[in-house]
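Right, I'll just put the structure down here and ask away after.
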Amino acid sequence: MSIDTTALRQSWPRPSFPRPIVIIGAGGIVTDAHLPAYRLANLPVAGVYDLDAERTRTVATQWNTRGFESLDQAIATPDAVFDLALPPGAHLDVLPKLPDGAAVLLQKPMGRDLVEATAILELCRAKSLKAAVNFQLRFSPMMLAVADALARGWLGRLIDVEVHLNLVTPWHLFPFLVGMPRVEIAVHSIHYLDTLRALLGNPTGVHARTLGHPSTDLAQTRTSALFDFAPDQRVTFSINHNHDFGRRFQDASFRFEGTDGAAMVKLGLLLNYPEGESDELWITRKGDDWTQVPLQGRWFPHAFIGTMSNLQRYAAGEDAALISSVEDAWHTMALAEAAFESAAKPATPVKAKP
């Protein structure tokens, strides 16, 4: 291949002087991704707090950190960066209690709907919080590399993007989703919405359908969507979390096609989640063979290093921009809201035979 794929950027710089991280919430995502990421990156964790005292003690013991006895005790940690690993409906309960001007990373999504996202945005503005949302897929090694390849002009201008999932997701690992009116787009495909925005900008519209499946009580586990970007760009989703017929035809991928080249991403994490398989990235240019890019890490936990590093570096003045700020994340929430609104509308009727 005529390009050096090993030169692609795959990680975010670490903060020069990392501040102590206080984790509020101790669910599975904390032990699967947050804590492994911070340990891997040598980012100091001051402690963890959860409403479930037993859960707090278990996680604190397992990870050799402090278990706070109350939220007030956790928030009182000097010079802390707050990592709110909470269900979306809990952010507005905790944010008002944080010190004005604090640095805070909110677990995605940014509230349960656009109304809550707007309230979170206004609250962060009022308290002058340096606040980001943990839309971490764009910080994964594979997606940072895709973004770098696009910036280098290797693919030309993107004209066709497809997100395709056909697999089994163990929804029982996320009991807080039971009873929620918005599930698939709000807590899963929102990662893909955010990544599309990171690479293509904001779309002008969306056509979507999202629905459940007879095998589950969750409100939605399947989504199809078509997004309006530039007139010659076709961007589409096909998401099915219920393909329970063995591994052979399961798939989790992004396909990027440009005027000069293409890239294929395998989201290995989602295949046999949470153990997962290896992530993969393949790139080609017109007239060249496909080349696999050696990846320097995985979506989990490495992407979580990026979101926290960018927040800390921004708070310290080392990064000029807060990449997943609440100001930016609001647009991802607006896109999710538009998708749900589209899904609630009837399709264009087919004319009956005269």
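Just so it is clear, none of the values below were taken in a lab; they were calculated from the coordinates. Computed from a predicted structure; not experimentally measured. Heads up, the Cβs are rebuilt from the backbone with ideal geometry, glycines too, and the neighbour counts pull from every protein chain shown.
In what order do 23, 159 fall by count of nearby beta-carbon atoms within 10 Å, going from fewest to most?
In increasing order of surrounding Cβ atoms, one gets 159, 23.
Charges at C-beta only: +1 for Lys and Arg, -1 for Asp and Glu. How large is the resulting dipole of region 141-298 about its Cα centre, in Debye rounded to 20?
I would put it at about 160 debye.
I would also like to ask the following. As a check on your grasp of the helix formula, calculate [θ] at 222 nm for the chain: sum -39500 (n - 2.57) over DSSP H runs of n ≥ 4, divide by the residue count, round to the nearest 500.
-8000 deg cm²/dmol
Then there's this: Straight distance only, please: which lysines reach the Cα of residue 108 with their own Cα at less than 27 Å, same-chain residues fewer than 8 apart left out?
97, 127, 130, 266, 345
Let me ask something else about it. Please state the charge dipole magnitude for the chain, taken about the Cα centre, from unit charges on C-beta atoms (+1 on K and R, -1 on D and E), reported in debye and rounded to the nearest 20.
Using only the charged Cβ atoms, the result is roughly 340 debye.
Across region 88-104, in residue order, what do the Karplus-derived ³J(HN,Hα) couplings come to in whole Hz, using 6.51 cos²θ - 1.76 cosθ + 1.60 with θ = phi - 60° and x for Gly and Pro?
With coefficients 6.51, -1.76 and 1.60, one gets x, x, 9, 4, 6, 7, 9, 3, x, 8, 6, x, 4, x, 5, 8, 9 Hz.
Tell me the angle of helix 302-316 to the major Cα principal axis of the chain, expressed in degrees between 0 and 90 and rounded to the nearest ten.
Long axis of 302-316 versus the principal axis of the chain: about 60 degrees.
Using all alpha carbons of region 6-117, what is the percent of pairwise distances in each 10 Å bin, ordered from the shortest bin to the longest?
So the P(r) values, bin by bin, are 13, 45, 32, 9, 1.
By count of other Cβ within 10 Å, fewest leading, how are 137, 211 ordered?
211, 137
Moving on. Calculate the length of the line joining the C-alpha centroid of region 330-354 to that of region 248-283, in whole Å.
Answer, in whole Å: 28.
Then there is this: Pairwise over distinct Cα atoms, reciprocal of the mean inverse distance: report the Kirkwood radius of region 141-298 in Å, one decimal place.
16.6 Å
Moving on to the next point. What order, most packed first, do the peptides 287-295, 43-51 have when packing is the mean number of other Cβ atoms within 10 Å of each residue?
Highest-to-lowest ranking by the protection proxy: 43-51, 287-295.
Now for a different question. So, by mean Cβ neighbours within 10 angstrom, what's the order for 108-115, 273-280, 243-250 with the highest one leading?
108-115, 273-280, 243-250
Next question. Among DSSP beta bridges lying fully in the chain, give the percent that are antiparallel, nearest 5.
Values: 36 of 60 bridges.
Within the chain, antiparallel bridges account for around 60 percent of the total.
Please state, as a whole number in µm²/s, the translational diffusion coefficient that the Stokes-Einstein equation yields for region 53-121 at 4 °C and 1.567 mPa s, with Rh defined as the Kirkwood radius across alpha carbon pairs.
98 µm²/s
Grab the other residues whose beta carbon is less than 10 angstrom from that of residue 254, score K and R as +1, D and E as -1, and report the net.
Summing Lys/Arg as +1 and Asp/Glu as -1 gives +1.
How big is the convex hull of the Cα atoms of region 169-209, per residue, in Å³? Provide the component values of the computation, followed by the final result.
On the way: hull volume 3.8 nm³, N = 41.
Per residue, the Cα convex hull of region 169-209 comes to 94 Å³.
Okay, moving on. Taking +1 at the Cβ of each Lys and Arg and -1 at the Cβ of each Asp and Glu, which of 215, 193, 267 sits farthest along the dipole of region 165-269 towards its positive end, judged by Cα position relative to the Cα centre?
Positive-end residue among those listed: 215.
Have a look at the DSSP beta bridges in region 141-298 and tell me what percent are antiparallel, nearest 5.
For region 141-298, the DSSP antiparallel bridge percentage is about 85.
Another question about this same structure. Hey, if you drop one equal point scatterer on each alpha-carbon of the chain and run the Debye formula without solvent, what base-10 log of I(q)/I(0) do you get at q = 0.09, 0.10 Å⁻¹?
-0.50, -0.62
Then there's this: As I understand it, the value is the acute angle between the Cα axis of helix 53-62 and the longest principal axis of the Cα atoms of the chain; what does it come to in degrees, rounded to 10?
The helix 53-62 is inclined about 80 degrees to the chain.
Report, to the nearest 10°, how far helix 141-151 tilts away from the longest principal axis of the Cα atoms in the chain, using its own Cα long axis and a range of 0 to 90°.
Tilt relative to the chain: about 60 degrees.
For region 235-354, what class follows from the C-alpha gyration tensor (a ≥ b ≥ c being the square roots of its eigenvalues): rounded when a/c is under 1.5, otherwise prolate if a/b is larger than b/c, else oblate?
Numbers: a/c = 1.71, a/b = 1.24, b/c = 1.38.
Oblate shape, in that a/c is at least 1.5 and b/c is the bigger or equal ratio.
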